[in-house]
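The values are calculated or read from the model by the stated rules, or taken from the named source; none is laboratory data. Just so it is clear, the structure is predicted and the values come from calculations on it, not from any experiment. Positions of Cβ are generated from backbone atoms using ideal geometry, with glycine treated the same way; all protein chains shown enter the neighbour counts. Note: areas computed on protein heavy atoms with side chains; ligands, DNA, RNA excluded. Shrake-Rupley method; radii C 1.70, N 1.55, O 1.52, S 1.80 Å.
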Amino acid sequence: RWLRQMPGTQALDHFLLQTGLRLSVAQTATLYLGLVLLAVLAGSRLQWPPVLMLAAAVLIGLAMAAWLQHRRSQRMKQIAAALPDALDLIARSMQAGHAFTSALQLAAKDSPPPLSHELRTVFEEINFGVGTAQALQALSVRVASDDVRYFVVAVIIQSETGGNLADILKSTAHLIRERQKIAGVVRVLSAEGRISALVLSVLPFALAAFMSLLNPGFVSKLWTD
């Protein structure tokens, strides 16, 4: 209850939801505080200065944020990779005579996770009485992907203006595939620069940690003298 009153809690809750981990904001905060406490205890035994303990607490927070961001990015990539085939399946099912909700159920059964879980959630919400537009908007909140937003916007606009939804979904699937091809080309062309930046960013900290293990007295001059 105390965390709900703090600013940014709702945004953090959405972020944790997008990672696919069953972690609440309270559990994440407890995990962070526990890791910081362990770092403080270890620093006390090693006689670290307070500044170094504070730096360790900050690094733990950054490491947790980087890990959660990695989980979120991997989940979004898996969903984006499977989405075009799922849209084609929904379009073919509708052309065969199925309604949109039943076509959504078929796509949820045949799609790989985590996309199958998200589509099944949308189908169950619609079955429980939630409006189609509202259920799809909730999907776009749970999945921070432009490709999913294209799908959601296409279905909502079609429901308001009319038209052949199957053809719209096929066009959307083609658009998503072309976007993914261009993004893949960009990743290949920029791979060398990104790897160089990563190595140059990590190397000083890795070297300092390695030297601290080999010769603590030499490195401790940075904060004792």
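For the range 9-54, the tally of residues that are open to solvent by less than 50 Å² (accessible area, probe 1.4 Å) and at positive phi stands at 1.
For residue 82, indicate whether it is out of contact with any Phe, Trp or Tyr (no Cβ under 7 Å at 6 or more places or on another chain), at negative phi, of a type in the set (A, V, I, L, M) and assigned to a helix (DSSP H, G or I). Yes, satisfied. Here are 28, 19, 9: which of them is closer than 29 Å to residue 116 by Cα and within 13 Å of the chain's Cα centre (by Cα)? Exactly one residue qualifies, and that residue is 19.
Going by the structure shown, is residue 75 at pLDDT below 95, open to solvent by 40 Å² or more (accessible area, probe 1.4 Å) and of a type in the set (Lys, Arg)? No, not satisfied. Mind checking which residues of the range 174-201 are basic (Lys, Arg) and either more than 12 Å from residue 147 (Cβ to Cβ) or over 22 Å from the mean Cα position of the chain (by Cα) (or both)? Selection gives 181, 187, 194.
Would a scan of the range 94-102 turn up a residue that is open to solvent by 30 Å² or more (accessible area, probe 1.4 Å), among the small types (Gly, Ala, Ser) and at positive phi? Yes; the residues of the range 94-102 include at least one that is open to solvent by 30 Å² or more (accessible area, probe 1.4 Å), among the small types (Gly, Ala, Ser) and at positive phi. Restricting attention to the range 137-166, the residues that are acidic (Asp, Glu) and at positive phi add up to 0.
Count of the range 117-134 residues, restricted to those that are in contact (Cβ under 8 Å) with a residue 12 or more places away in the chain and closer than 21 Å to residue 19 by Cβ, is 6.
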